[in-house]
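The values are calculated or read from the model by the stated rules, or taken from the named source; none is laboratory data. Keep in mind it's a predicted model, so treat the numbers as computed, not measured. Positions of Cβ are backbone-derived with ideal geometry, glycine not excepted, and every protein chain shown enters the neighbour counts. Note: accessible area is taken over every heavy atom of the protein model, side chains too, but ligands, DNA and RNA are not part of it. Shrake-Rupley method; radii C 1.70, N 1.55, O 1.52, S 1.80 Å.
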Amino acid sequence: PRQPAKTLWYDRPRYVYLEFCVEGSTDVKVVIEDQRLVFSCKNADGMEFYNEINLYARVNSKDSREKRSDRSITCFMRKWKEKVAWPRITKENIKLAWLSVDFDNWRDWEGDEEVERAMVEQYAEV
């Protein structure tokens, strides 16, 4: 039986970020399409996780990537329309038990583009 991974998300001027919280992930698959993201993996105990998200707005799937760590898998997707805030990550206005806002990373956008550029560059080097 598959279950959704606990997922955090936050919004930035140019990218939208999703973090799937799975420790010791293996068999990670991330498919980013223009308006949909599909994530699957197993954890250290062999439990299967599966998340499918119809995205609020269009992203540039070619300029989107993911980065795995021991504790989670972070995806960042380039917005098609930059500097347009996303009020939510899902197309449908529904509350999903496994999805929440990452308040630690949710910041005001003022002067945030430099910070964001540095973050993306740091990911890209890995």
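I need the full set of residues from the stretch 63-95 which are in a loop (DSSP other than H, G, I, E, B), within 15 Å of residue 32 (Cβ to Cβ) and open to solvent by 50 Å² or more (accessible area, probe 1.4 Å), in order please.
Passing the criteria: 80, 91.
Results for (1) of a type in the set (Lys, Arg); (2) under 26 Å from residue 107 (Cα atoms); (3) without any contact (Cβ under 8 Å) to a residue 12 or more places away in the chain, shown as yes or no for each residue.
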site: 7; (1), (2), (3): no, yes, no
site: 21; (1), (2), (3): no, yes, no
site: 31; (1), (2), (3): no, no, yes
site: 40; (1), (2), (3): no, no, no
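So, in the stretch 19-62, how many residues would count as being closer than 23 Å to residue 117 by Cα, more than 13 Å from the chain's Cα centre (by Cα) and part of a strand (DSSP E or B)?
Going through the stretch 19-62 one residue at a time, the tally reaches 2.
How many of the residues making up the stretch 22-58 are open to solvent by 50 Å² or more (accessible area, probe 1.4 Å) and under 16 Å from residue 100 (Cβ atoms)?
Number of matching residues: 1.
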